[in-house]
Amino acid sequence: MKSNMKLIMVSVILLFYIVSVHAIIITTGETVAARGSDVVSVTLLKYEPIPARPGNYLDVYLKFDTLIGSVAKDAAVWFEEKFPFSIVDPSKKIQSIGFYSGVNDAIVKFRLYIDPAAPPGINTVTFRYTPDQHFPNQWRTAEFDVDVQLSDIILSVDKVQTLPETVKAGEIAELKIVLTNNKNSALRDVSVKLDLNELPFNVISSTNEKVFPLLLSKKTIEANFKILIAGDTDSGVYNLPITITYSDDSGKSYTKKLVAGVIVDNIPDFLINLDESSLYRKDKPYSKLPTDKVLLSVTNTGSSQIKAFSMELLDTEDYVVLGNPLMTPTNLDPDDYETQEFTIHVQKPVKQSKKVPMKVKIRYKSSFNNKFESTETVMLTLLTREDAYKFGLAKKPHTTCIFILVVILVIMGCLVYRKWFKKKNKT
């Protein structure tokens, strides 16, 4: 009986021990599941680079840990995307640690991208973590400060261009100004303003100022203006002042000044005239097939210099050019003129008065050495003998004078003959 009682007592003690151990194990497991973030922690080990730069990458290193004696069965750390940080590789947004007992360090790395418009100063990066991914209510939040600093801000002017590159008085040109933010921070209130005082230009279809509220890092903007060149603008290079202002996210203002060169290159104005022709001279009889000289002149009637001006008189069916048909190239200042003499031969008899077009090829350069070539027409009037007499371009023979001259010649002939005849009879 006593032995049975001892056996029963041992069995009860063993059963109590087994139940107690099982209860302890269950209690420990429930504690991890229930306490969650109380038994695990995430700390910021480091981030690189320091300081962080807007528009750059940021490597964040986190240390995952548990309380002494606690075990994480399926731990994980998750990046929570908030401005100005974003994950570079979306597949690595959640870093799984798995079973963790605290024996070894659990280090996780996140590669982030900092928005170019990130404000300078302290920015918060946010993570969530859990000891067991199978329990949604176990996720906790950890936030860490990241120092974001601006680098030296450089706003470059990549291009200042007029389209077309050279403009003429009275034309509309487009002025294009290309700006690039080369650094790693956003710029705000970028203003491009033209100073048109004392210049023969006017902005049309807009004001003389363009404002861009935000220019992100590494981005480019274009400020376009349509400019009307005044009709009386002389050829030349005009310096157009441009003022660029902007500010960074800290509120600091910057000013950049530059000068754009606008080239006004007007097409030269000139006038070609027939100054004189020996075909019209009053002191010379008119010929039906004249071979004679014409004198052409050119006058610079514009406001800019004409360079390397030359004329070439071309042959036509009405005439041919004899001798040198070319004029030696010369420069013509405003209001200056030059002449060139050509010798021509009219091809056909003139049965009635008519105007003959003389073809003159013109070659010249503008004040900025732009080449031009054209063919001009100068009218040459060919007259019949009667019309030449009528307009006083040739002297009509006077019949009375001719008669008197004939009489004198006859009398002189008679006297000579009489003297010769008497001399002959004496011999």
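Since every read-out is calculated from the coordinates, none of them should be taken as a lab result. Quantities reported herein were computed from a predicted structural model and do not represent experimental measurements. Positions of Cβ are generated from backbone atoms using ideal geometry, with glycine treated the same way; all protein chains shown enter the neighbour counts.
Tabulated results
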read-out	value
Highest to lowest packing among 85-98, 313-326, scored as the average C-beta count within 10 Å	313-326, 85-98
Residue pairs, from the table Lys73/Lys93; Lys176/Lys361; Lys73/Lys109, whose Cα atoms sit over 30 Å apart	Lys176/Lys361
Residue order, fewest to most surrounding Cβ atoms within 10 angstrom, among Met311, Met327	Met327, Met311
Environment charge of Phe110, counting only residues whose C-beta is closer than 9 Å and scoring Lys/Arg +1, Asp/Glu -1	+3
Net charge of Cβ neighbours under 14 Å - reference Glu373; Lys, Arg +1; Asp, Glu -1	+4
Rough spin-label spacing in nm, given labels placed 7 Å along Cα→Cβ, for Leu322 and Thr124	10.4
Efficiency of FRET from Cβ geometry, Asn197 and Tyr113, R₀ 51 Å, rounded to 0.05	0.65
Among the listed pairs Lys159/Lys193; Lys183/Lys252; Lys168/Lys256; Lys159/Lys371; Lys168/Lys359; Lys359/Lys390, those beyond 19 Å (Cα-Cα)	Lys168/Lys256; Lys159/Lys371; Lys168/Lys359; Lys359/Lys390
Between the range 65-101 and the range 146-186, the Cα center-to-center distance that results, in Å	45
Fewest-first ranking of Glu338, Glu81, using other Cβ atoms within 10 Å as the exposure measure	Glu81, Glu338
Surrounding net charge for Phe309, when Lys and Arg each add one and Asp and Glu each subtract one, Cβ distance under 15 Å	-3
Order of Val378, Val407, Val190 under a 10 Å beta carbon neighbour criterion, fewest first	Val407, Val378, Val190
Highest-first arrangement of 169-175, 136-142, where packing means the average Cβ count within 10 Å	169-175, 136-142
